[in-house]
Amino acid sequence: MDKNQALNDIFNNDEFDILNVKPKVSNARNADERLLATFTEINDFVLKNKVEPQPNATNISEFQLYSRLKGIRDNPEKSLLLENEDIHGLLKTKEKEINSIDDIFNDDMFNILEDDTDLFDFRHTPKPDERISTDFVAKRRSLKDFEKYEPLFKEIQSDLASGKRKLVDFKMDNLRVGGYYVHNGVLFLLEEINISKKEHYREDGTRVREDGRTKCIFENGTVSNMLKRSVEKILYANGQVVSENVDQVNEDFIERFYDIKEEDEAAGYIYVLRSKSKDERIIDIDNLFKIGYSKVEVEERIKNAEKDPTYLMAQVKIVTSWKCFNMNPQKLEQLLHNFFGKACLNIDIYDENRQRYSPQEWFIAPIEVIEQAIELIISGEVVKYIFDVKSASIFIK
C-alpha cells in the first residue's frame, strides 16, 4: 500500500477530530514587546502627572519607572526602537546633523578623537635626535598629593549630609574654577581651566566654542585633564552642582555687617518680615518673607501693617533687620528684589476700599539664603551667582 495514501486515509477518517491538534500559543512576550510595554507605562505616567518619573521619588512604582527610563536612555539601540512611541520627547533620539569634520570633533563627548599630536608627527619614523611624543588623552590617573585634597572632599560630603550644601542639576555654561560637581555619583573638584581655544566664528558662520584642558580632582584620589567642553557635556548628561556652604557665607555676612566703627554713617535699615496673615493663599506658603527698606526703625515702619496692602493687609513679625552704614540701603533692596525676582509672590491684595494691589516685595526663599544674597551683593560677587527657585538655593552661574 502507498504510505502517503495510508496517511491520508487515517487523517480523512478522523471522525472525532482527534488528530486536529492546534499548536500551543505562548503567552510569554518577547524582548521587544516587553520593552514597548515598559515604555507605554512611562508614557502613561508622564501623561497623568505632567512630569517624567523622578529619581528621588518616595513611591517605589515611580522610582522603578525612572530606573527603566534611564536604562532606555543609556541604550541607543532601545531608544531608536522606541523613537516612534516617544510622544513626550523623553528619549531625544534625533540624530545631530553632521555637515563637516569640525562637527564630528565638536561632538566628541568622550575625547575619543582628541589627540595633541600633529598630522605630520610621524610616530613610527622619528628623527634620530627626537623622542616620540605620547598621545595626549584625558584619562584619569592616580594623584600623588591627594592627601591635601582628601579633607576638602570629606568636608563637602559632611556638608551635603547635614544640609549645609545642596545638589542641583547642572546647566550648560555653568562651569567655574573652584566649584564642586558630581558625575555618576562621584564628587570632583574643578581646580583649573586652561583655555587654549577662544570662542569664535568661522567664515561660513559656524560657531567654535571656547575650550581647553581642565584639572579635575576626584574624591577617589584620581585626576583628569579632560577638555572643558567634555566636562560640560558629561555633567549636562548626568551631573549636578554642589552649592555654597550656608554657614560659611553667613559668617562672612555677620562679620561685614557688625564690624562698625564710630565714624561710619547710618543710612537706614534692611529688614526681613514674616506675615501673620490668616489668608489661606498665604498661610500655607513656607519661607515667604518680605524684603524691605526703611529710613526709620523697623518697629515704627510696621505699626499699621494690617491696613497696608504692602504688608498683605495683616500684621507681620520681624524676622531680622540690619542697620546699614556707608551704603545705599534702597539700592541694596532693589538688588535683592532683582536677585530673587523669579521667586516673587504673585498674588492680588485688596485694601479697605477694595482697591487692588499686587505686592512686589514678598519672596519665597529661606532666610539663610536671603542672608547669603546680601553678603554676595556687598562683596560684589553676586553677578557670578543665581537663585535656583526649585531647590531654593544659590549656585554659581
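Out of N27, N84, report the one residue that is at pLDDT 75 or above and either assigned to a loop (DSSP other than H, G, I, E, B) or over 29 Å from Q240 (Cβ atoms) (or both). Give the steps one after another, and end with the answer.
Working: N27 fails: at pLDDT 75 or above.
Within the list N27, N84, the selection yields N84.
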**Asked** Based on what the data block shows, is D211 of a type outside the set (K, R) and at pLDDT below 85?
**Response** no
**Message:** I'm told Y293 meets every condition in (1) within 30 Å of V242 (Cβ to Cβ); (2) aromatic (F, W, Y); (3) in contact with a Gly (Cβ under 7 Å, 6 or more places away or on another chain) except one. Can you identify the failing condition by its number?
**Reply:** (1)
**Scope the range 182-199; condition at pLDDT below 90 and surrounded by 14 or more Cβ atoms within 10 Å (Cβ to Cβ); matching residues** = H183
**Request:** All but one of (1) of a type in the set (A, V, I, L, M); (2) assigned to a loop (DSSP other than H, G, I, E, B); (3) modelled with pLDDT of 60 or more hold for M109, so report the exception by its number.
**Result:** (3)
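Results for (1) β-branched (V, I, T); (2) more than 22 Å from I364 (Cα to Cα); (3) touching a residue at least 60 places away in the same chain (Cβ under 8 Å); (4) assigned to a loop (DSSP other than H, G, I, E, B), shown as yes or no for each residue.
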{"position": "I282", "(1), (2), (3), (4)": "yes, no, yes, no"}
{"position": "D286", "(1), (2), (3), (4)": "no, no, yes, yes"}
{"position": "F289", "(1), (2), (3), (4)": "no, no, yes, no"}
{"position": "V296", "(1), (2), (3), (4)": "yes, yes, no, yes"}
{"position": "K303", "(1), (2), (3), (4)": "no, yes, no, yes"}
{"position": "A314", "(1), (2), (3), (4)": "no, no, no, yes"}
{"position": "T320", "(1), (2), (3), (4)": "yes, no, no, no"}
**Fill in**
Counted residues in the range 321-338 being in contact with a Phe, Trp or Tyr (Cβ under 6 Å, 6 or more places away or on another chain) and modelled with pLDDT of 80 or more come to 1
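Any residue at all in the range 328-348 that is over 33 Å from the mean Cα position of the chain (by Cα) and either surrounded by fewer than 18 Cβ atoms within 10 Å (Cβ to Cβ) or in a helix (DSSP H, G or I) (or both)?
To start, the set of residues in the range 328-348 that are over 33 Å from the mean Cα position of the chain (by Cα) comprises 328.
With the extra rule that they be either surrounded by fewer than 18 Cβ atoms within 10 Å (Cβ to Cβ) or in a helix (DSSP H, G or I) (or both), the set shrinks to 328.
Yes; the residues of the range 328-348 include at least one that is over 33 Å from the mean Cα position of the chain (by Cα) and either surrounded by fewer than 18 Cβ atoms within 10 Å (Cβ to Cβ) or in a helix (DSSP H, G or I) (or both).
Collect the residues in the range 200-213 that are under 24 Å from the mean Cα position of the chain (by Cα) and either loosely packed, with under 14 Cβ neighbours inside 10 Å or of a type in the set (A, V, I, L, M) (or both), keeping them in residue-number order.
Matches in the range 200-213: R209 only.
Considering only residues that are among the charged types (D, E, K, R) and under 18 Å from S275 (Cα atoms), which ones fall in the range 353-372? Before you say what the answer is, go through the steps one by one.
First pass over the range 353-372, keeping only residues among the charged types (D, E, K, R): 354, 356, 361, 368, 371.
Those that are among the charged types (D, E, K, R) and under 18 Å from S275 (Cα atoms): E361, E368.
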**Item:** Counted residues, the range 315-327 - those being under 25 Å from R281 (Cα atoms) and crowded, with 18+ Cβ neighbours inside 10 Å
**Value:** 1
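The values are calculated or read from the model by the stated rules, or taken from the named source; none is laboratory data. Since we're looking at a predicted model, the values are computed, not measured. A quick note on method: Cβ atoms are made from the backbone with ideal geometry, for glycine too, and the neighbour counts reach across all protein chains shown.
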